[in-house]
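Following: one structure in structure tokens, then a few remarks.
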Amino acid sequence: MLTARYFDGKTTAARAVELSLEGQEWVLRGDDLELRYPFVQVQISERLGNTPRLLTFSDGGQCEVTDHAVLDQMLHAAGVRRSWVDGMQHSLGWALIASLAIVAVLIASYVYLLPWSASVIAKRVPDAVLQKMGNSTLDTLDKFMLQPSKLDAVRQQALVDAYAKLQPLADSNMSYHIVFRSSPRMGPNAFALPDGTIVMLDELVALTENDDEIVAVLAHERGHIEQRHAMRMVLQSSAVGLMMTWYMGDVSTLLATVPAVILQASYSRDMERESDEYAERTLQLNSLSPCLLATALEKLEAAHLSRNEKLKTTKDDAQDVARDYLSSHPATPERIRQMCPERP
């Protein structure tokens, strides 16, 4: 016999009762109260920690029980065994398995579900939003990171025309726009913004000294645009902020994070391979060697290593320098072998 609180299902008043099992019946006894219910018609909630368990009767009434030990003894005496769910809840082994499963699900969600979701959403972002993001990002970069290009208008137009002469791939459907800037702090670099703007830095033009290599780099950046990699990275890097933006309806919160994401969040290796493949197909379609991009990458890697050595001998804070073009790309030799297998 155990003490419980009885609710008749009609009022909120609770009555103290004594609950017992007599034969195949649950019996409730209290002041001026005696109720009997067939054992098989009473629903008993699973045990969950120290929370009260409920016995729900056929007429809508309920008993709230806090003495789990006595109730378990009564159920055991009646031939009721723990359910597998209850057994798992009180098993250290299953608790560890559940914890590992949760960690595995979180990791899998981050590694697979988040990129997949970002890819799906990025393809559905309206052009007007992409344009707003691109303009906002370029304005911010112009204010803090970039300087006006020192290339004369004739030279800039020549590079734009050189890339425009390339026959685009049949699956190319995103518009692009090339702008020129300078940034001694960033060094040789080129990057694509969510709206299709390709930012080409003077330092990269000076480094290559070969218009075909620059065209190859532009084709690579066009690959980022076609795959909406910048938008995907913004979504992945701002997943929490995106949810808050959706909930609060304030797009400015998300826009404010775009410049930092563009400069600091690195593309995945798969994204870089996709862009390399896009550039390779573009160059082959126009009777140009994919080795042009390989050569440009070699020069960029050499410049990257040289800048790192200089950073070690200066007082500049390395964190104040934006990540360069090769920040997290696949190893350059691997990319060269893929694009230019005939090279040793």
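Residue 191 meets all of the listed conditions (1) closer than 17 Å to residue 293 by Cβ; (2) surrounded by 16 or more Cβ atoms within 10 Å (Cβ to Cβ); (3) modelled with pLDDT of 95 or more but one, namely (3). Going by the structure shown, is residue 263 in a helix (DSSP H, G or I), at pLDDT below 65, on the phi < 0 side of the Ramachandran plot and aliphatic (A, V, I, L, M)? In short, yes.
When only residues in region 104-120 that are surrounded by 15 or more Cβ atoms within 10 Å (Cβ to Cβ) and hydrophobic (A, V, I, L, M, F, W, C) count, which is farthest from residue 231 (Cα to Cα)? Per the criteria, the residue is 114. Selection over region 269-279 of residues that are within 16 Å of the chain's Cα centre (by Cα) and either surrounded by fewer than 17 Cβ atoms within 10 Å (Cβ to Cβ) or modelled with pLDDT of 90 or more (or both) gives a count of 2. Against the condition among the hydroxyl-bearing types (Ser, Thr, Tyr) and touching a residue at least 60 places away in the same chain (Cβ under 8 Å), how does residue 3 come out, does it pass? Spelling it out, residue 3 is indeed among the hydroxyl-bearing types (Ser, Thr, Tyr) and touching a residue at least 60 places away in the same chain (Cβ under 8 Å). Output yes when any residue across region 170-183 is of a type in the set (D, E, K, R), more than 18 Å from residue 303 (Cβ to Cβ), within 28 Å of the chain's Cα centre (by Cα) and surrounded by fewer than 22 Cβ atoms within 10 Å (Cβ to Cβ), and no when none is. Yes.
Condition check for residue 101 on (1) at pLDDT 90 or above; (2) exposed (fewer than 15 other Cβ atoms within 10 Å of the Cβ); (3) not in a helix (DSSP H, G or I): one failure, at (3).
Considering region 1-65, the qualifying strands (runs of 3 or more DSSP E), each wholly inside and each with 2 or more residues that are touching a Cys at 6+ places or on another chain (Cβ under 6 Å) and of a type outside the set (S, T, N, Q), run over 2-7. Entry remark, region 150-175: residues being under 21 Å from residue 134 (Cα atoms) and at pLDDT below 95 number 4 in total.
Against the test of being over 23 Å from residue 273 (Cα atoms), in a loop (DSSP other than H, G, I, E, B) and over 26 Å from the mean Cα position of the chain (by Cα), the options 159, 151 yield a single qualifying residue, 151. In the set (1) modelled with pLDDT of 95 or more; (2) out of contact with any Ser or Thr (no Cβ under 7 Å at 6 or more places or on another chain); (3) of a type in the set (Gly, Ala, Ser), the condition left unmet by residue 219 is number (2). Among the residues of region 53-78, the ones that are small (Gly, Ala, Ser) and either surrounded by 15 or more Cβ atoms within 10 Å (Cβ to Cβ) or outside the structural domain of residue 9 (by TED's automatic domain parsing) (or both) come to 1 in all.
Could you list, in sequence order, all residues of region 150-163 that are surrounded by fewer than 18 Cβ atoms within 10 Å (Cβ to Cβ) and in contact with a strand residue (DSSP E or B) (Cβ under 9 Å, 6 or more places away or on another chain)? Correct list: 150, 155, 156, 160. Just for region 21-41: of the residues that are among the acidic types (Asp, Glu) and under 15 Å from residue 8 (Cβ atoms), which one is surrounded by the most Cβ atoms within 10 Å (Cβ to Cβ)? Ranking the candidates gives 34 first. Listed by position, the helices (runs of 4 or more DSSP H) enclosed by region 174-240 that each have at least 2 residues that are touching a Lys or Arg at 6+ places or on another chain (Cβ under 8 Å) are 202-208.
The values are calculated or read from the model by the stated rules, or taken from the named source; none is laboratory data. Since the structure is predicted, the reported quantities are computational estimates derived from the model, not experimental observations. In this analysis, Cβ positions are derived from the backbone assuming ideal geometry, glycine residues included, and neighbour counts consider all displayed protein chains.
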